[in-house]
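*Asks:* The structure's right below; bear with me while I get my questions together.
Throughout, read-outs are computed from the coordinates displayed, never taken from laboratory work. What you see is a predicted model, and the numbers here were worked out from it, not measured in a lab. When we count neighbours, we look across all protein chains shown, and the Cβ atoms used for this are built from the backbone with ideal geometry, even at glycine.
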């Protein structure tokens with residue numbers, strides 16, 4: 001139960017940060033991507049702050065033998081850059097560029113009552129399920 005409470009607090013804090021930094025506004029993201037037009041570099045500050053905070057704190061977190069509410073740390077073990085990673089990253093980037101949302105801000109944006117983020121999240125979930133089906137059937141980018 002503690003784990004779920006902490007996860008909810010962390011998710012709420014993340015969502016609050018997205019709202020305060022205005023990253024829930026797709027126009028803010030689209031302006032960041034428009035480097036030859038109405039470029040808005042503020043997303044770099046958000047990314048920089050998040051990366052800096054993670055770099056400072058992650059080393060202290062990993063010095064612990066176990067996480068606070070888990071039996072072990074679950075860190076990615078694969079460092080391979082394969083076709084699935086490249087294609088998935090490209091699809092993610094295209095969706096981000098067209099919609100102006102990535103998953104976190106889209107979910108936080110649902111609270112605004114606008115229909116666009118809700119539609120984005122619905123199709124995000126559909127796309128996630130399609131990938132699971134492809135992975136399960138072994139069809140995903142077979143060689």
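*Asks:* Students often get this wrong, so try it: which of (1) 12, 40, 30, 14, 4, 0; (2) 13, 38, 38, 10, 0; (3) 9, 27, 36, 25, 2 is P(r) over Cα pairs in 10 Å bins from 0, in percent as calculated from the structure shown?
*Replies:* For P(r) over Cα pairs in 10 Å bins from 0, in percent, the calculated option is (3).
*Asks:* I'd like the distance between the alpha-carbon centres of the range 61-102 and the range 5-43, rounded to an integer number of Å.
*Replies:* 18 Å
*Asks:* Order of 22-32, 91-101 by packing, highest average Cβ count within 10 Å first?
*Replies:* Ranked by mean Cβ neighbours within 10 Å, highest first: 22-32, 91-101.
*Asks:* Okay, moving on. Relative contact order for the chain using alpha-carbon pairs under 8 Å, separation at least 6, rounded to a whole percent?
*Replies:* Worked out over the chain, it gives 25 percent.
*Asks:* What residue among 43, 124, 85 shows peak mean-square fluctuation when the chain is described by a Gaussian network model with Cα springs under 10 Å?
*Replies:* 85
*Asks:* Report the full-extension gain for the segment residue 74 to residue 128: residue separation times 0.36 nm, less the Cα-Cα distance, to one decimal in nm.
*Replies:* 17.3 nm
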